Amino acid sequence: MSFAAPRPPRILDAAPAGATPVAAVGYVGLVTRALAFAVDAALINAVAILTAAVVGLALSVMSLPDELTDVLVLIGGVLYVLWSIGYFVGFWSTTGQTPGARLFRFTVRTAALGPLSLRRALVRFAAVMLAALPLFAGFLLILVDDRRRGLHDRLAGTVVVEAARGGSALGVSARSP
């Protein structure tokens, strides 16, 4: 198995004579995204485990019927799913970066490099779930697409690009020619 060298950034638009240099976009690949997802999954689970431990300790001093315990477990599962959705959708629609994406210095933007709306972030999350269903086959498109877009990016109209060097989530890195 061989790994290809990183692709050079693409120039978006040709600048008119005398204009400022054109911004280049570096698209982020599968491995970097997977590592950022691992960080995000660890954070999501750490908060969930800590919350479950606190609630479990509080409930351990009470005598509850088994039926109520089953309902509380179900409520906990629903809250975990909502927490996971809220984590990704919230970060994508506000800053464009989850903590994992910030650590690896990339951001999620619209195909036109704009910020994601709440609706587009929800669509992207649903599309990520869809891309994962057939044995993660929807993510393999990242390996062959020129803008490194997976099925979820295509369905949601998003791209994953390197963040600006200053730490802002502009999604466009200025590079000298």
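The values are calculated or read from the model by the stated rules, or taken from the named source; none is laboratory data. All of these numbers come straight from a predicted model, not from anything done at the bench. A quick note on method: Cβ atoms are made from the backbone with ideal geometry, for glycine too, and the neighbour counts reach across all protein chains shown. These area figures cover heavy atoms from the full protein model, side chains too; ligands, DNA and RNA do not enter into them. Shrake-Rupley method; radii C 1.70, N 1.55, O 1.52, S 1.80 Å.
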Residue-by-residue Karplus 3J(HN,Hα) for the stretch 95-110, coefficients 6.51, -1.76, 1.60, Hz, glycine and proline x
9, x, 9, 7, x, x, 5, 5, 4, 9, 6, 9, 9, 9, 10, 5
Using θ = phi - 60° and the Karplus relation 6.51 cos²θ - 1.76 cosθ + 1.60, list the HN-Hα couplings for the stretch 117-125 in order, rounded to whole Hz, with x at every Gly or Pro.
7, 4, 5, 5, 5, 5, 4, 5, 5
Could you rank SER93, SER117 by how accessible they are, 1.4 Å probe, largest area first?
SER117, SER93
Considering only protein heavy atoms and a 1.4 Å probe, what is the carbon-and-sulfur percentage of the accessible area of the stretch 35-177?
73 percent
Amide H neighbours of VAL25 at under 5 Å, excluding residues fewer than 5 places away on the same chain, with H built from the backbone geometry, are ARG10, LEU12
LEU116's amide H: which non-local residues (gap 5+, or another chain) put their own amide H closer than 5 Å, with H modeled 1.01 Å from N in plane and none for Pro or chain starts?
THR110
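Determine, for each peptide in 42-49, 101-108, the mean count of other beta carbons within 10 angstrom over its residues, then list the peptides with the highest first.
Numbers: 42-49: 13.1, 101-108: 21.8.
Packing proxy ranking, top to bottom: 101-108, 42-49.
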Say a paramagnetic label sat at a point 7 Å from the Cα of LEU43, along Cα to Cβ; which residues of the stretch 98-123 have their backbone N under 15 Å from it?
98-108
